[in-house]
Each structure stands twice: as structure tokens, then as C-alpha cells.
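Engineer: This is the structure I have questions about; it appears just below.
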Amino acid sequence: MNAQIALILGQDGITNGAIYALLALSILLVFTVTRVLFIPQGEFVAFGALTMAALQAGRPVLLVWLLFAFAVAEAAADLMARRKRPGRSRGLWRMAAKLAYPLILAALFYRLPVAQLPMAAQALLTLLLVVPMGPQLYRLFYQPIASASTLVLLIVSIAVHLALVGLGLLAFGAEGARSAPFSEASLTLGPLNVNSQALWVVAVSALLIIVLYQFFERSMYGKALRAAAFNRLGARLMGISPVFAGKATFFLAALIGTVSGILIAPITTMYFDSGFMVSLKGFVGAIIGGLVSYPLAAAGAVLVGLIEAFSSFWASAYKEIIVFTLIIPVLLWRSLKSHHVEEEDE
């Protein structure tokens, strides 16, 4: 290895680490607010990348019918809840809007020449299709058992992940896909030739992290989510709805996952089940942060990207093992640092 190879590997590591950092932050956000280890986070990455590629290829996006099916199931669940607690008529209009939204999207996909649209418009359509599934998943699978134990929520997350993988195979097929790059330009920095797509990934990831920081520090909704994360009972006593907090965090997680998929779609070929490995590496970063610290989670995710890049040079066949082995010393260190409380025998 020489300096030029090290710089190239460092560029790849930072590019991948930026995506892992976004996913680590979203996993940490969902866990702190709802106590859900959001394993299906990777499916939003895969769905975002494959939807973008399908739009550019001019193929009908079957995922819109999954969105419609979730909307029907959500409306049925809301109607059952209204039978127990009759409310105002505004809820009926909200249900009608939820049912009409996927149908409007389907009309746009089938009527517009999506393959000829600008890339920004294709990315916007991808976000409009995939992101609403986040709150839908919370409403259908997590809100009814919000008070359950963390283990039960984890089991539900695994079941939702497996179901979404199968639905992804049905919607996109088994073939991999890759979208067109945002630009073909490159930047030469000494011996290093920086790909413009890598700059896009790092820039958009950094911008999204800054926007999330400003959202949580300055906006009222962000402060409400922070309150729910620090003290769920206290936030509920102050009038912050746990249902709102759950749906908002799942919306942000879906947004981050979809944006991540759009960013990496031109870099690597994505398959219907590729999202799990990507989100798992973000989860390693969140573990390094102790599922508590956002800066440590982001730094740990970048470290994961760098270790993965350099491991691919020294031992490419074992790079996944090396990355996931990082969890062991971190867990051992945190176990030694934590204060154990021995249970008394009754």
C-alpha cells in the first residue's frame, strides 16, 4: 500500500461512513423515542435506490400498490379505533386523504414520462412514494404494542423486516439495479481523483445532519421529540402525544433511509435484500455510541466505513467479519463500565 491507495481507500471509507452515520442517527433516534430497534431501516435504503432506478428505466413502480395496501389497512385500523372512541368528522377526511394519496401517485407514475423527467423530479417522486411508509409501519405494527417490552418490539421488527424483504422481491424482482450518477464530473486533488458522486454523498449527508441538528435544537416539534426521548412519561404529562412522537420519528427514519438509498444507488448495485447489510453497519455505529450519544454514533459509523474500506484491501474476503467483530470489544468495554445491580432472592 502506498499513499495514493491509502487516499483512495480513505475516500471510499468516508463516503460509506457518511451513509452509515445517517442510518446510525436514525436508528438511535427511533430507539430513544420509541424503544424500537428499527431493523427495517435498511428496507427504506433498498426501496429508495430501486425505486429511483425503476423510474429512470421507465418501469411501472409496483411499490405504490404496497403503499395503497398499507393505507387501506391503516384506515381499517382507524375505523376500528373510532368504534371504541367516536370522534369528530375530521378524522374521516384524514382517512380519505390517506386513501387518495397512493392513487394520485399511481396516476402520476403511469401518466407522466418518468424516465424523461429531471433527476431532481425523479428523486422527489421517490421520496413521495417511499417515505410515507414509515408512519404507516408505526401505525400498523408498533403503535398497538407501544407499551410492550423491548424484546417484543424487537421480535416485531424482525418480522416486519422479513415481510418487507419478501414484498421487495415481489415489487422489484431479484435482479439488481443501479441508477445514473448525479454528475459525471471529477475533481483532481494531487494524486487523488475524487468522484463527484462521492462529493454528493458527503455533502448531502452533512447537510442532512445539520438540518436535523437545527430541527431538534430550534423547532418546537424537534424539542417535543427530544423531550419524548429523554423522558417519555414526563413528555406525556406535558401534553406531548406519544403517537405523534412515534409517527414523527418513523417519518424521519424513512426520510433518512430513502435519501441514503438515492445517494448510494449510483455507486453500488442494489438488490431487494441489500438494505439489511447497509443498515446493520449503521447499527454497529449506533452500538459504538451506546444507543445514547448521537455524536459518538456518527463518529462510530464513519469509523466503520473506514475500517471496511481498508479491510477490503488487506482481507477482502473477511471485511464483513472484521466490521461486525467491532461490536464485541465495544460491548465488553461498556459492560465493564456499567454498574450492575444484583437482584435479591425473594
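The values are calculated or read from the model by the stated rules, or taken from the named source; none is laboratory data. Since we're looking at a predicted model, the values are computed, not measured. Positions of Cβ are generated from backbone atoms using ideal geometry, with glycine treated the same way; all protein chains shown enter the neighbour counts. Please note that ligands, DNA and RNA were not included when accessible areas were found on the heavy atoms of the full protein model with its side chains. Shrake-Rupley method; radii C 1.70, N 1.55, O 1.52, S 1.80 Å.
Engineer: Quick one: would you say Phe310 is at pLDDT 75 or above, more than 15 Å from Met277 (Cβ to Cβ), part of a helix (DSSP H, G or I) and of a type in the set (Phe, Trp, Tyr)?
Structural biologist: Working: at pLDDT 75 or above: yes; more than 15 Å from Met277 (Cβ to Cβ): yes; part of a helix (DSSP H, G or I): yes; of a type in the set (Phe, Trp, Tyr): yes.
Criteria met by Phe310.
Engineer: Further question: Only residues in the stretch 106-133 that are open to solvent by 30 Å² or more (accessible area, probe 1.4 Å) count as the first member; pair them with residues that are hydroxyl-bearing (Ser, Thr, Tyr) and part of a helix (DSSP H, G or I), Cβ under 6 angstrom, at least 6 apart or cross-chain, and list the lot.
Structural biologist: Note: pairs meeting the criteria are Leu127/Thr258.
Engineer: Right, another one. For the stretch 128-184, name all the residues that are of a type in the set (S, T, N, Q), in a helix (DSSP H, G or I) and within 28 Å of Tyr101 (Cα to Cα). Steps first, please.
Structural biologist: So the first thing to find is which residues in the stretch 128-184 are of a type in the set (S, T, N, Q), and the list is 136, 143, 147, 149-150, 157, 179, 183.
Pick out the ones that are also in a helix (DSSP H, G or I) and you get 136, 143, 150, 157.
Within the stretch 128-184, Gln136, Gln143, Ser157 qualify.
Engineer: Follow-up question, since we're still on this one. Do we have Ser260 as open to solvent by less than 50 Å² (accessible area, probe 1.4 Å), of a type in the set (Ser, Thr, Tyr) and at pLDDT below 80 here? Working first, answer last.
Structural biologist: Numbers: open to solvent by less than 50 Å² (accessible area, probe 1.4 Å): yes; of a type in the set (Ser, Thr, Tyr): yes; at pLDDT below 80: no.
Against the criterion (open to solvent by less than 50 Å² (accessible area, probe 1.4 Å), of a type in the set (Ser, Thr, Tyr) and at pLDDT below 80), Ser260 does not qualify.
Engineer: Determine, yes or no, whether Thr32 is farther than 15 Å from Gln136 by Cβ, surrounded by fewer than 21 Cβ atoms within 10 Å (Cβ to Cβ) and in contact with a Ser or Thr (Cβ under 9 Å, 6 or more places away or on another chain).
Structural biologist: Answer is yes for this residue.
Engineer: Still on this model: If I filter the stretch 40-63 for residues that are open to solvent by 20 Å² or more (accessible area, probe 1.4 Å), out of contact with any Cys (no Cβ under 9 Å at 6 or more places or on another chain), under 30 Å from Ser149 (Cβ atoms) and assigned to a helix (DSSP H, G or I), do I get at least one hit?
Structural biologist: Here is the first cut: in the stretch 40-63, the ones open to solvent by 20 Å² or more (accessible area, probe 1.4 Å) are 56-60, 62.
With out of contact with any Cys (no Cβ under 9 Å at 6 or more places or on another chain) added as a condition, the list becomes 56-60, 62.
Those still in the list that are under 30 Å from Ser149 (Cβ atoms) too: none.
There is no residue in the stretch 40-63 that is open to solvent by 20 Å² or more (accessible area, probe 1.4 Å), out of contact with any Cys (no Cβ under 9 Å at 6 or more places or on another chain), under 30 Å from Ser149 (Cβ atoms) and assigned to a helix (DSSP H, G or I).
Engineer: Filter the stretch 87-140 down to the residues that are within 22 Å of the chain's Cα centre (by Cα) and farther than 30 Å from Val204 by Cα and list them by number.
Structural biologist: Leu140
Engineer: I've got another one for you. So, Thr32, is that one closer than 30 Å to Ala228 by Cβ, of a type in the set (Ser, Thr, Tyr) and in a helix (DSSP H, G or I) or not?
Structural biologist: Numbers: closer than 30 Å to Ala228 by Cβ: yes; of a type in the set (Ser, Thr, Tyr): yes; in a helix (DSSP H, G or I): yes.
When the stated conditions are applied, Thr32 passes them.
Engineer: List the number of the failed condition for Gly13; all other conditions in (1) at pLDDT below 85; (2) outside any loop (DSSP other than H, G, I, E, B); (3) out of contact with any Gly (no Cβ under 6 Å at 6 or more places or on another chain) hold.
Structural biologist: Against the list (1) at pLDDT below 85; (2) outside any loop (DSSP other than H, G, I, E, B); (3) out of contact with any Gly (no Cβ under 6 Å at 6 or more places or on another chain), Gly13 comes up short only on (3).
Engineer: OK, next. Filtering the stretch 134-148 down to residues that are hydroxyl-bearing (Ser, Thr, Tyr) and open to solvent by less than 60 Å² (accessible area, probe 1.4 Å), which residue is farthest from Ala46 (Cα to Cα)? Don't jump to the end; show me each part of the working.
Structural biologist: Going residue by residue through the stretch 134-148, those that are hydroxyl-bearing (Ser, Thr, Tyr) are 138, 142, 147.
Cutting the leftovers down to open to solvent by less than 60 Å² (accessible area, probe 1.4 Å) gives us 138, 142.
On the way: Tyr138: 19, Tyr142: 22 Å.
Across the stretch 134-148, the extreme among qualifying residues is Tyr142.
Engineer: Please go through the stretch 288-309 and pick out each residue that is surrounded by 19 or more Cβ atoms within 10 Å (Cβ to Cβ), within 10 Å of Leu9 (Cβ to Cβ) and in contact with a Leu (Cβ under 9 Å, 6 or more places away or on another chain).
Structural biologist: Within the stretch 288-309, Ala309 is the sole residue that qualifies.
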